[in-house]
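*Asks:* Take a look at the following structure, please.
The values are calculated or read from the model by the stated rules, or taken from the named source; none is laboratory data. All values reported here derive from a predicted model rather than from experimental measurement. Using ideal geometry, Cβ is built from the backbone for each residue, glycine included, and neighbour counts are taken over all protein chains shown.
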Amino acid sequence: MLLLKRCYSTSNRIYRSKLFIPIQKDQKLQSDQIKSQLLMQKGGMIRKASVGIYMNLPFGYRVLENISRVIDQEMQAIGGQKLSMPVLLSKQLWDKTGRWESSGDDLIKLKDRKEDEYCLAPTHEEIFTDLIAQETMANSIFPLKLYQIGEKFRDEIRPRFGLLRGKEFLMKDMYSFDLTVEDASKTYYQVKDAYHRIFNRLELNYACVEADSGNIGGSLSHEFQVLSQVGEDTLMNCNACGYHSNIEKAKSTSPRVSTQVKEIYSTFFKITTNENHQFLLIALVNKKDEVNQFSFKQALPGISIKSCDQLTNINSLPIISGGDIKVLKDDSIKISNEDILDILNTKYSTMMNSIKSTVPVLEGLIRCSQVGDFCQQETCKGHQHPITSGKGIEVGHIFYLGTKYSQPLNANIKNEKGDLVPLEMGCYGIGVSRLLATVIETLSDDQGYKWPREIAPYQLIILPKYYNQESLPNLQLAEQISDELVKAHPNLVNQIVIDDRQINLGQKMKEASFLGFPMTLIIGDEKPNKARFELEFRSDSKKKLELNQNDLINYFKNQIK
């Protein structure tokens, strides 16, 4: 019976000696590591299972759970409904949308014993859309927002930086379904606002930037980029108006104007449309500029681009008829279309038939934005405010998909006229495990982790001076204080750690700071006319409160939210 009692103890106390936090003190930063990767290994948050695959240990997993809780709160505040989807997805649906082939080598494919083909999900557009297509629903259910938080997989060619770029990762993905384009736009910006609230609660220095839709598809897209020099994405910024954009979508006014042939650089591309028609595109920019392939979608109106392949070996170009050629010049080139065609005829006459006057010469902003260009946002026009660049870690990406998935998968609904039309869709992702690494990368300091209180694994650690049996009363007092704080402040249930180890107080304090406990309560020996409790704050090393027991309890009851 005694054993039974101990097994089913109702105590909520958490002791440091019982926590599995395998700290590795002697690890040093390697040349192929970044700060967050080292700290997560050193602090016992993760362990490497294989290349690009990590185990999330209890201390780090608590942070992941807290990040997920913040996301859940904001998604459900806008009507999001949480569910769970399988990670093993059938090839059949992916064939219908064309992504089985277009996803390339990033998609992890496998077969079962019956030779049926599957993939490990990198995203879930197809199966969410198919779910809606198979159900009979009244129009009143829309707008419908469904989401999950679960594992995703990608066969990264170069996994690196720990949880920032792995083969397996935790992600929140939401999919929205609307009756009209106008409703879908409202949903898009509603979710966008919710993302701002999430990243603000995590105290991150981030920017919401215009972005390309990539393989996901759609015509409207934004990324949420945390500003950090270890980021892999290049961001173009204007300090005057606050403009931010991914380099693929950045627009700026070039101070470089081409008026002479010798200033022009030509690049050849083979364009394949969604209808599998192919044509040669000759892109012309200033020699000091670089062609931005992502700009072709806007610069070639009415053409849906399936693939764009740069042709590096000009000498191997086939003989091409004029009808299969288009010329696209950057808007900084101030040379007439007739002269452009004459130049191309002269330069490439041995490689192709005569470029006739009927070949269209289109104009658009097709160069990559550069540092030193001028911002062309409305508030900056005429002021020549310079564009700067920086690096970012992408932690969120949202897309307006339109009918890219609903049409091929027959997710239809009857409109007001009684016609069957495909639903308007959006998809919205947040890299949850990447967020954990990003918080550590950008917010930690030379002492260790520095958690936003919303996601800290624990809120308070109590450090009693406890070395031997003689100092046992200090440990017992720590237990009493823990119980009283939980009673006075119910939100502290399972949030207080008591360091019951018989080690030096200085060691305990150093570790508490390294692990990032937002608050540390030190219990000293009882002395006349001296407060026995000292409360320290990880966010402000200068802030220290000396309190007696009653004042301590009241402080937590009245001051700590």
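*Asks:* Report the residue count in the range 490-507 for those that are within 17 Å of residue 457 (Cα to Cα) and not hydrophobic (A, V, I, L, M, F, W, C).
*Replies:* First pass over the range 490-507, keeping only residues within 17 Å of residue 457 (Cα to Cα): 490-499.
Still in the running and not hydrophobic (A, V, I, L, M, F, W, C): 490-491, 494-495, 499.
Matching residues across the range 490-507 total 5.
*Asks:* Out of 309, 289, I need the residue that is surrounded by fewer than 20 Cβ atoms within 10 Å (Cβ to Cβ) and of a type in the set (D, E, K, R). Which one?
*Replies:* The match here is 309.
*Asks:* Let me ask you something else. State all residues of the range 141-161 that are outside any loop (DSSP other than H, G, I, E, B) and modelled with pLDDT of 95 or more; if no residue qualifies, say none.
*Replies:* Across the range 141-161, the qualifying residues are 141, 144, 145, 146, 147, 148, 149, 150, 151, 152, 153.
*Asks:* While we're on this one: Out of all the residues in the range 168-212, which are farther than 22 Å from residue 69 by Cβ and aromatic (Phe, Trp, Tyr)?
*Replies:* Result: 177, 188, 189.
*Asks:* A follow-up question, please. Pick from 68, 84: which is under 29 Å from residue 132 (Cα atoms) and crowded, with 17+ Cβ neighbours inside 10 Å? Spell out the reasoning first.
*Replies:* On the way: 84 fails: crowded, with 17+ Cβ neighbours inside 10 Å.
Only one candidate qualifies: 68.
*Asks:* Could you list all residues from the range 517-533 that are surrounded by fewer than 16 Cβ atoms within 10 Å (Cβ to Cβ) and either out of contact with any strand residue (DSSP E or B) (no Cβ under 7 Å at 6 or more places or on another chain) or under 15 Å from residue 482 (Cα atoms) (or both)?
*Replies:* The answer is 525, 526, 527, 528, 529, 530.
*Asks:* Hey, another quick one. Yes or no: residue 414 surrounded by fewer than 22 Cβ atoms within 10 Å (Cβ to Cβ), on the phi < 0 side of the Ramachandran plot, in contact (Cβ under 8 Å) with a residue 60 or more places away in the chain and among the charged types (D, E, K, R)?
*Replies:* Here the answer is yes, as residue 414 does meet what is asked.
*Asks:* For the range 446-459, does any single residue satisfy the condition of being more than 30 Å from residue 486 (Cα to Cα), free of Cβ contacts under 8 Å to residues at least 40 places away in the same chain and not assigned by TED's automatic domain parsing to the domain that holds residue 178?
*Replies:* Among the residues of the range 446-459, at least one is more than 30 Å from residue 486 (Cα to Cα), free of Cβ contacts under 8 Å to residues at least 40 places away in the same chain and not assigned by TED's automatic domain parsing to the domain that holds residue 178, which makes the answer yes.
*Asks:* Sticking with this one: Testing residue 439 on (1) in contact with a Cys (Cβ under 8 Å, 6 or more places away or on another chain); (2) buried (at least 19 other Cβ atoms within 10 Å of the Cβ), one condition comes back false. Which one is that?
*Replies:* (1)
*Asks:* Of the residues in the range 347-367, how many are buried (at least 18 other Cβ atoms within 10 Å of the Cβ), assigned to a loop (DSSP other than H, G, I, E, B) and modelled with pLDDT under 90?
*Replies:* 4
*Asks:* Test each condition in (1) in a loop (DSSP other than H, G, I, E, B); (2) at negative phi for residue 494 and report the one that comes out false.
*Replies:* (2)
*Asks:* Continuing with the same structure: Of all residues in the range 14-33 being at pLDDT below 95 and surrounded by 13 or more Cβ atoms within 10 Å (Cβ to Cβ), which is nearest to residue 231 (Cα to Cα)?
*Replies:* 33
*Asks:* Just to check your reading of the model, which residue among 183, 173, 193 is part of a helix (DSSP H, G or I), among the charged types (D, E, K, R) and either surrounded by 15 or more Cβ atoms within 10 Å (Cβ to Cβ) or outside the structural domain of residue 227 (by TED's automatic domain parsing) (or both)?
*Replies:* Going through 183, 173, 193 in turn, the sole match is 183.
*Asks:* If you don't mind, there's one more thing I want to ask. Within the range 62-81, is there a residue that is assigned by TED's automatic domain parsing to the domain that holds residue 166 and in a strand (DSSP E or B)?
*Replies:* Among the residues of the range 62-81, at least one is assigned by TED's automatic domain parsing to the domain that holds residue 166 and in a strand (DSSP E or B), which makes the answer yes.
*Asks:* Which of (1) touching a helix residue (DSSP H, G or I) at 6+ places or on another chain (Cβ under 8 Å); (2) under 18 Å from residue 397 (Cβ atoms) does residue 128 not meet, given it meets every other one?
*Replies:* (1)
*Asks:* Against the definition (of a type in the set (A, V, I, L, M, F, W, C), under 25 Å from residue 327 (Cα atoms) and touching a residue at least 60 places away in the same chain (Cβ under 8 Å)), how does residue 285 come out, yes or no?
*Replies:* yes
*Asks:* Here's something else I'd like to know. Listed residues 145, 111; which is surrounded by 13 or more Cβ atoms within 10 Å (Cβ to Cβ) and in the same structural domain as residue 432 (by TED's automatic domain parsing)?
*Replies:* 145
*Asks:* Which residue is farthest from residue 42 (Cα to Cα), if the candidates are limited to the range 453-480 and must be under 20 Å from the mean Cα position of the chain (by Cα) and buried (at least 20 other Cβ atoms within 10 Å of the Cβ)?
*Replies:* That would be 455.
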